[in-house]
Amino acid sequence: MANFNHILKTDYDKRVKLGKEYVFCYSKKKIKELYPSGAGYSLSGEAHLGTGKAQDKFDEKQRKRLERLKESGKAHAEQQTLKTGDLRIGGHVLGVYPKDTNAGFLSKSNGYVAVGENQFISIHSSRVPFLITVGAISAAIIAAVAIILALITAPAPPAPPAPDNPLPVIDPNVVPNEDDTSEKKPIDSGGSVSLIYTKKAELNLTAEIAKIYYKNPNSSSHDTVIELYIVSDGNTYFLGRSGRVPAGYTIQELSLAEREVELKAGQYEGLYKIYFYNPETGEKAILDTNIAGVTVVVTE
Amino acid sequence: MKKLLAILLAVVMTCTLVFSVSAADGDTSTAAGQNDSHEVKVTVNDETEIVYNVDIQWTGLSFTYNYDKGDWQSDSHTYENESGAWAGAALDGKVTETIKVINHSNAPVTVTGAYAANGSTGVTVEVTVANGSLPTAEDVDPGNLSSLTATVTVAVSGEPTDKTANNAVVGNINITIG
């Protein structure tokens with residue numbers, strides 16, 4: 001077996017890592033510059049970049065390869081090893097194998113070290129670790145993209161079913177009753193409500209607000225909603241509607257923003273319509289109440 | 001001297017009093033010691049808004065019609081002996097429930113009732129009111145509210161056209177308080 005020594009050149013243009021050190025060598029591009037026609041130099045073999053156990057592992061791999069060649073009858077009869085020599089680089093000894101021993105996608109040539117006049121040895125390393133890293137990163141990116149796409153395109157979760165009897169929203173103008181110690185009556189199968197009210201509504205057209213007074217005592221079994229109307233020539237004209245007035249609350253203000261009639265300052269006959277809602281089920285009672293004879297005073 | 005002045009002062013004050021009363025009535029009598037009576041009239045305008053307080057109590061207002069489609073006749077492919085009746089109906093075939101309206105206000109109220117059907121359902125609902133003119137609750141014993149209570153009777157009859165109806169709302173009851 002031949003022994004090769006790494007010859008240092010001043011025009012090496014590349015360095016590769018060997019263990020904890022760096023080895024200077026020619027790149028493939030530099031070799032082409034030095035030998036444009038591709039002739040004038042020789043490759044004495046190739047060495048695998050690896051020290052210690054990595055080098056041993058590579059040598060073991062070549063031994064097994066020789067065994068396979070022998071079994072297939074492709075090895076020379078006296079061939080004991082594929083190795084053709086040793087290359088000394090710094091304090092390391094690398095096995096030298098015939099050219100193209102590491103041919104293939106899984107191995108790459110890192111550079112060329114000079115071992116004589118126009119004589120080089122190609123140094124190789126395995127692409128496997130790099131490929132594993134690239135594969136893992138690619139798999140992670142693919143998985144992340146798949147997850148993002150799944151989240152973006154996933155159908156929206158089904159909306160929760162709407163209740164059969166949605167309760168009207170509580171009116172923002174309700175205030176708790178003061179000193180209301182009346183006991184709440186159970187609903188059972190019907191209802192028991194107390195209507196406490198005045199029969200006067202004062203409308204301010206500029207502010208679009210009607211001042212009223214309606215109290216739903218705590219003893220009422222149902223919540224209420226109040227509507228105010230003008231009565232004229234037997235017809236009713238809508239002025240405003242409250243939100244829900246729960247039992248235990250009073251309302252003294254209605255918005256006129258949705259009125260369906262324009263009024264002038266003066267006094268009119270009015271009407272309250274009162275609807276009752278079961279606070280537990282949201283069901284509207286089939287009984288409702290009108291309060292007639294309401295005096296509606298309109299100011300601008 | 002002082003005594004004379006005091007007497008004179010008393011006389012002057014008395015005369016002044018006499019003149020005040022007389023001026024109000026246009027009476028020109030100025031003699032002290034004369035008795036005169038006049039009506040003093042006072043008018044109080046009470047502008048306090050009345051706060052009405054009315055209770056309404058009702059039962060479920062839910063009625064059940066028991067329907068039997070009868071016996072199946074396989075030869076004619078029809079039912080025979082179909083029958084139906086309102087649960088709890090009286091001899092006149094009507095079933096009733098009541099709504100009570102109680103006036104706790106210091107002013108009288110009137111109570112009327114009405115029914116509005118939800119389309120044609122085959123069900124007939126009659127609303128009648130007894131004692132609909134309720135007096136003020138002033139001076140009425142809170143333990144005896146019969147005079148302050150209007151009774152609204154809801155009578156249901158007829159035959160539902162939809163024999164599969166379950167908790168169907170056939171109409172609305174309206175109570176008007178005036």
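Listed here are the residues, each with its yes/no results for (1) within 25 Å of residue B:104 (Cβ to Cβ); (2) crowded, with 16+ Cβ neighbours inside 10 Å; (3) within 12 Å of chain B (Cβ to nearest Cβ); (4) not acidic (Asp, Glu).
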site: A:226; (1), (2), (3), (4): yes, yes, no, yes
site: A:272; (1), (2), (3), (4): yes, yes, yes, yes
site: A:282; (1), (2), (3), (4): no, no, no, yes
site: A:285; (1), (2), (3), (4): yes, yes, yes, yes
site: A:291; (1), (2), (3), (4): yes, yes, yes, yes
Say we look at region A:193-224 and pick out the residues that are of a type in the set (S, T, N, Q) and in contact with a Ser or Thr (Cβ under 7 Å, 6 or more places away or on another chain); which of these is surrounded by the fewest Cβ atoms within 10 Å (Cβ to Cβ)?
A:204
Residues of region B:137-165 classified as assigned to a loop (DSSP other than H, G, I, E, B) and either under 30 Å from residue B:121 (Cβ atoms) or not charged (D, E, K, R) (or both), total
13
Matching entry among A:51, A:133 (being hydroxyl-bearing (Ser, Thr, Tyr) and part of a helix (DSSP H, G or I)):
A:133
One residue is enough: does region B:76-96 have a residue meeting the conditions within 13 Å of chain A (Cβ to nearest Cβ), surrounded by 14 or more Cβ atoms within 10 Å (Cβ to Cβ) and over 22 Å from the mean Cα position of the chain (by Cα)?
no
Sort out which residues of region A:19-31 are within 11 Å of residue A:110 (Cα to Cα) and modelled with pLDDT under 90, and write them in order of number.
A:23
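Residue-by-condition table, conditions (1) outside the structural domain of residue A:26 (by TED's automatic domain parsing); (2) closer than 19 Å to residue A:23 by Cα; (3) surrounded by 10 or more Cβ atoms within 10 Å (Cβ to Cβ); (4) among the β-branched types (Val, Ile, Thr):
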{"position": "A:88", "(1), (2), (3), (4)": "no, yes, yes, no"}
{"position": "A:97", "(1), (2), (3), (4)": "no, yes, yes, no"}
{"position": "A:112", "(1), (2), (3), (4)": "no, yes, yes, no"}
{"position": "A:119", "(1), (2), (3), (4)": "no, yes, yes, no"}
{"position": "A:136", "(1), (2), (3), (4)": "yes, no, yes, no"}
{"position": "A:146", "(1), (2), (3), (4)": "yes, no, yes, no"}
{"position": "A:150", "(1), (2), (3), (4)": "yes, no, no, no"}
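Matching residues to (1) touching a Phe, Trp or Tyr at 6+ places or on another chain (Cβ under 8 Å); (2) assigned to a loop (DSSP other than H, G, I, E, B); (3) within 14 Å of chain A (Cβ to nearest Cβ):
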position	(1), (2), (3)
B:43	no, yes, no
B:53	no, no, yes
B:57	no, no, yes
B:63	yes, yes, yes
B:66	yes, no, no
Any hit, region A:189-203, residues being more than 14 Å from every other protein chain (Cβ to nearest Cβ), farther than 26 Å from residue B:153 by Cα and assigned to a loop (DSSP other than H, G, I, E, B):
no
Scan the strands (runs of 3 or more DSSP E) fully inside region A:205-284 and keep the ones with 2 or more residues being free of Cβ contacts under 8 Å to residues at least 24 places away in the same chain.
A:235-241
Working only within region B:155-178, note down all residues that are of a type in the set (S, T, N, Q) and facing another protein chain (nearest Cβ under 9 Å).
B:172, B:174, B:176
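The values are calculated or read from the model by the stated rules, or taken from the named source; none is laboratory data. All values reported here derive from a predicted model rather than from experimental measurement. FYI the Cβ positions are ideal-geometry reconstructions off the backbone, even for glycines, and counts take in every protein chain you see.
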